[in-house]
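Data block below; observations after.
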Amino acid sequence: MKKKKAIAYNNLIAMKHSNDMSFEGRWNASFGYPIISGSWLIWGQSNNGKTAFAVQLAKYLTDFGRVAYNSLEERTGPSLQQAFLRDQTKFSTRHLIIYDQVFYDELVERLSKRRSPDIIIIDSFQYMGLNFSQYSKLTSKFKNKLFIFISHADGKMPEGRVAKRVRFDAGLKIWIEGFKAFPAGRYGGGEPFVIWPEGAEKYWEGTAK
C-alpha cells in the first residue's frame, strides 16, 4: 500500500484552494470562508424564515458559481415566486436556475453533464426522500459541488433519522429561528445572521418578555 506523503507546515498554510468562497461582510461574519464541496444542512420550524434565507443564500452564492435551486415542496408555484420577488438582493440571474421537482436519479443525471451547477440547494430533504447511502453517493461522486439541504425540524433538531445523520456530516449546520440563522461549522464565522430585521426584532423581543 502506498504511504501518504507528508507536507510541511508552511506549505499547508500557504495552500490555495480553487473552490474557496471569499464571503464578505455579514456573510463572512456568520459563515466564514466556506468551500464549494460537501454539504450544508439548514433546518427550522415553519414560518421562521427558512425559505427567505434560502432565497438570499441562493442569490449570494451566484457570485461564486452556478446555483440550482431544486424546489420539491413548493415547486415553481406562487409562494416560491413571491419569496424571490420579496428579496431585493441584486444577483447574477444567469447563474441561477430553478429545478421543478428533480429527484435523485434525474439529479445525478443532470449533475453528470458538462457545465452542470456547482451548488445545489434542495428544498426539502424530506421531500427528496434520500437515504444516507444516496446522500453519501451524491457528495462522493460530485466532490467539487456543494449540496445545501433544507430540512423540516423536530423540536430543535432536523426531522428524521437520516437528516440527523447528515447534520453530523455537514460542513455547515444552520438552525433557523425567529428570522435569524444560527450557524455552526468548520469555516469560521459564527455570528447570528439576520434574515428579516423587522420580523427578528418582533420575535426576539417577544421571547424576552
Which residues, taken from the stretch 94-115, are within 15 Å of residue 73 (Cβ to Cβ) and surrounded by fewer than 21 Cβ atoms within 10 Å (Cβ to Cβ)? 98, 100, 101, 102, 103
For the stretch 19-58, which positions are among the charged types (D, E, K, R) and surrounded by fewer than 18 Cβ atoms within 10 Å (Cβ to Cβ)? 20, 24, 26
Could you grab the pairs with beta carbons closer than 7 Å, sequence gap of 6+ or different chains, first residue in the stretch 175-186 and without any contact (Cβ under 8 Å) to a residue 40 or more places away in the chain, second one open to solvent by 50 Å² or more (accessible area, probe 1.4 Å) and not hydroxyl-bearing (Ser, Thr, Tyr)? 182/192
Out of 118, 123, report the one residue that is farther than 14 Å from residue 71 by Cα and crowded, with 16+ Cβ neighbours inside 10 Å. 118
Looking only at the stretch 37-51, which residues are in contact with a strand residue (DSSP E or B) (Cβ under 9 Å, 6 or more places away or on another chain) and either within 28 Å of residue 79 (Cβ to Cβ) or assigned to a helix (DSSP H, G or I) (or both)? 39, 40, 41, 42, 43, 44, 45, 46, 48, 49, 50, 51
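Give the residues of the stretch 183-207 that are in contact with a Gly (Cβ under 9 Å, 6 or more places away or on another chain), open to solvent by 60 Å² or more (accessible area, probe 1.4 Å) and either aromatic (Phe, Trp, Tyr) or not in a helix (DSSP H, G or I) (or both), sorted by residue number.
Within the stretch 183-207, 186, 196, 203, 204 qualify.
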I'd like the full set of residues that are open to solvent by less than 20 Å² (accessible area, probe 1.4 Å) and touching a Gly at 6+ places or on another chain (Cβ under 9 Å), limited to the stretch 160-182. 170, 171, 172, 174, 176, 178, 181
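The values are calculated or read from the model by the stated rules, or taken from the named source; none is laboratory data. In this text, all values refer to a predicted model and were calculated from it rather than measured experimentally. Quick reminder, even Gly has a Cβ in these numbers, built from the backbone with ideal geometry, and neighbours come from all protein chains shown. Just so you know, the surface numbers come from the protein's heavy atoms only, side chains and all, with ligands and any DNA or RNA stripped out. Shrake-Rupley method; radii C 1.70, N 1.55, O 1.52, S 1.80 Å.
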